[in-house]
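Undergrad: My questions all concern the structure below.
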Ligand code: TYD
Ligand code: MG
């Protein structure tokens, strides 16, 4: 029988469907993202719907054994204390950043502790995986490899064994017979991921999906997948740096925005349990360098912010900011000029966060400003000084959350002094063994730094 198919165009970034080709997606604003696809008529896809009864929330019991430890502390932390049975975790990141490496290492631990793990690869041959496994000294007898891209067959294999976890590397390479479009398209990814999710839920097996990132930095078909999965982890960091940051951007089973820090070594990824010490290890007291404390998830991390202010030799001064929000720093520069009376109009300004880390919190405002002032005046900030606080448009310094956590970390690392928002200072209850000064405005900051 001839199937009834409808031609459509679908945005490969967000899944928006249009009857005709469009240059720009009206939903997500992506350019040139529409690809022709076919939509099966609804009648073909009707499935039996099972009706289940509602359950009283108090009658449900949660067992600790519902979480499996991956044996990698930093990964467990990002997952919210291990991976939940029956959950589906998406790990995204640039090619070559270490997704396959991390999951192979986790697979080894899971297999040793809990039994069979199936590692499905649509990207690499089995011998390639074996070669990597040897380098990583992955030795469990319970790891099974499968080179397969048809999702129905992957699930069939997974169902035949009693698995403790399933890894699919990568979601873009798998396809289902039920969707007609090419592997890697939004509809294929969505259908395949849905099937894997149903398997995870019904078998109670955690499923890890590896996802590629497009040039623009989003997982291909990101929105459709982010809705579906329980946890989304992103690998950040430059391939040029040894450090990799694994960040949870969504987590149904733990805090979002938690980070794990890893170092890529000759023997795979190793955990960095004390990131503050690593990020500050090369810190020298030169002008233009300020230390701030950011909170990522449940943990405070100290990082160094560097600024370089130099007279511009071009008519149009250069502004280059790495690791901090570009718009935000531009705004801070404007505040510094207008309220702090520091003339930066003819100066090139560069700001960099050391170690390839990206700061998304406004709490780093005060440190960015301090670094710029320090470089502008060519005077180093005092040794052992940590600075944090949000800066508003009128130059006022605003309170931020989790002050105690930041101060505690600073004092643990051996910092001697802290400059924080005045309103936070009033609310600090504990005593700390470092000298804390509160500032209300950037002018007070300039005064303190000058004295
Ligand atoms: P990989 O896990 O293949 O990346 P992804 O799956 O995210 O594409 O990581 C490969 C990179 O890591 C590659 O550039 C080599 C490097 N690497 C090491 O430095 N040491 C190692 O032990 C391994 C296995 C890889
Ligand atoms: Mg890979």
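No lab work stands behind these numbers, since they all come straight from the coordinates. Bear in mind the structure is a predicted one, so any value in this text is a computation, not a measurement. Heads up, the Cβs are rebuilt from the backbone with ideal geometry, glycines too, and the neighbour counts pull from every protein chain shown.
Undergrad: Quick one: check the C-alpha center-to-center distance for the stretch 124-186 versus the stretch 406-451, whole angstrom.
TA: 51 Å
Undergrad: Over the stretch 277-450, what is the relative contact order in whole percent, taking alpha-carbon pairs under 8 Å and six or more residues apart?
TA: The value is 25 percent.
Undergrad: Restricting to bridges with both residues inside the stretch 106-247, how much of the DSSP beta-bridge set is antiparallel, in percent to the nearest 5? Walk me through the intermediate numbers first.
TA: Numbers: 4 of 18 bridges.
Antiparallel bridges: around 20 percent, rounded to the nearest 5.
Undergrad: Calculate how many DSSP beta bridges within the chain are antiparallel, expressed in % of all such bridges and rounded to the nearest 5. Please list the in-between numbers first.
TA: Numbers: 46 of 83 bridges.
Antiparallel bridges: around 55 percent, rounded to the nearest 5.
Undergrad: For the chain, what's the relative contact order in percent, using C-alpha pairs closer than 8 Å and at least 6 residues apart?
TA: Values: 948 pairs, mean separation 53.8, N = 451.
Worked out over the chain, it gives 12 percent.
Undergrad: Next up: Output the 0 to 90 degree angle, nearest 10, between the alpha-carbon long axis of helix 126-135 and the longest principal axis computed from the alpha carbons of the chain.
TA: Between the helix axis and the principal axis of the chain, the angle is about 40 degrees.
Undergrad: Using a cut-off of under 16 Å, list every residue of the stretch 120-162 whose amide N is near the label point 7 Å from the Cα of residue 114 along the Cα-to-beta-carbon line.
TA: Answer for this model: 120, 142-144, 158-159, 161-162.
Undergrad: Can you give the extra length, in nm with one decimal, that the chain gains between residue 241 and residue 437 once fully stretched, where that is 0.36 nm per residue apart less the Cα-Cα distance? Let's see the in-between values first.
TA: Working: separation 196, 0.36 × 196 = 70.56 nm, distance 3.49 nm.
That pair, residue 241 and residue 437, stretches by 67.1 nm at full extension.
Undergrad: Next question, about the same structure. Relative to the longest principal Cα axis of the chain, at what angle does helix 186-203 sit, 0 to 90 degrees, rounded to 10?
TA: So the helix axis and the longest Cα principal axis differ by about 80 degrees.
Undergrad: I would also like to ask the following. Between residue 331 and residue 271, what length in nm is gained on full extension when 0.36 nm per residue of separation is reduced by their alpha carbon distance?
TA: Here the answer is 18.0 nm.
Undergrad: I'd like the FRET efficiency for residue 17 and residue 52, computed as 1/(1 + (r/R0)^6) with the beta carbon distance as r and R0 of 35 Å, rounded to 0.05.
TA: Working: r = 31 Å, r/R0 = 0.87.
About 0.70, to the nearest 0.05.
Undergrad: No solvent, one uniform scatterer per C-alpha: report log10 I(q)/I(0) for the stretch 277-450 via the Debye equation at q = 0.08, 0.14, 0.15 1/Å, two decimals.
TA: Per q value, in the given order, log10 I(q)/I(0) is -0.21, -0.66, -0.76.
Undergrad: Also, I was wondering about something else. First measure r as the distance between the Cβ atoms of residue 9 and residue 153, then evaluate 1/(1 + (r/R0)^6) with R0 = 22 Å and state the FRET efficiency to the nearest 0.05. The partial results should precede the final answer.
TA: Numbers: r = 30 Å, r/R0 = 1.36.
Approximately 0.15, to the nearest 0.05.
Undergrad: For residue 177 and residue 198, compute 0.36 nm times the residue count separating them, minus their Cα-Cα distance, and round to one decimal in nm.
TA: On the way: separation 21, 0.36 × 21 = 7.56 nm, distance 1.62 nm.
Length gained, residue 177 through residue 198: 5.9 nm.
Undergrad: Can you tell me the 0 to 90 degree angle between the C-alpha axis of helix 326-338 and the longest principal axis of the chain, rounded to 10?
TA: 20 degrees
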